[in-house]
Amino acid sequence: MIESVLIVGLGAAVGSLIRFGVTNGLKKMFSKNAFPVATFFINITGSFLLGLVNGQLSKNTFILAFSIAILGGYTTFSTYMNETVQLGTKKKVMAFAYYLLSALLGILAALLGYLI
């Protein structure tokens, strides 16, 4: 049991560090953009990768658990929701587009990853 906890904890830490790096890089590139590009990119690529992992590695419990832990640390639903609310206080149409596009493209990306 302790081994599983350590694997998931390590994976989540790795995913969080990757998210931190990607977020900082994208925020520098798109600093003048009101649309939350970094979280959008992270959640779509995370959805794709999670679909890919579930579709391809479902037989290997260790790799599956580690991958899901990394992707769980990498993606962030709470940031997505918070950014939607913040954006909605200033730009309602853009907030709605962000919310809808993230959900739809996230589902499509997960499906694509799963089917590959």
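The values are calculated or read from the model by the stated rules, or taken from the named source; none is laboratory data. Remember, predicted model here, so these are calculated numbers, not experimental data. Cβ: placed from backbone, ideal geometry, glycine included. Neighbour counts: every protein chain shown. Just the protein is used for accessible areas: all its heavy atoms, side chains included, with ligands, DNA and RNA removed. Shrake-Rupley method; radii C 1.70, N 1.55, O 1.52, S 1.80 Å.
For the chain, the mean residue ellipticity at 222 nm estimated from helices alone is -29500 deg cm²/dmol, where every DSSP H run of n ≥ 4 contributes -39500 (n - 2.57) and the total is divided by all residues, rounded to the nearest 500. In the range 34-100, the portion of solvent-accessible area held by carbon and sulfur atoms comes to 71 percent [1.4 Å probe, whole percent, DNA, RNA and ligands not counted]. The residues of the chain have, on average, 64 Å² of accessible surface per residue, using a 1.4 Å probe with all protein chains present.
Just the number: Rg to Rh for the range 31-72, Cα atoms, Kirkwood Rh, two decimals. Walk me through the numbers on the way to the answer.
Values: Rg = 13.4 Å, Rh = 11.4 Å.
Dividing the radius of gyration by the Kirkwood radius yields 1.17.
Value of Rg to Rh for the range 1-115, rounded to two decimals, is 1.03; Kirkwood radius and Rg both from alpha-carbon coordinates. Dipole magnitude for the range 1-115: about 500 debye, using +1 per Lys or Arg Cβ and -1 per Asp or Glu Cβ, origin at the Cα centre.
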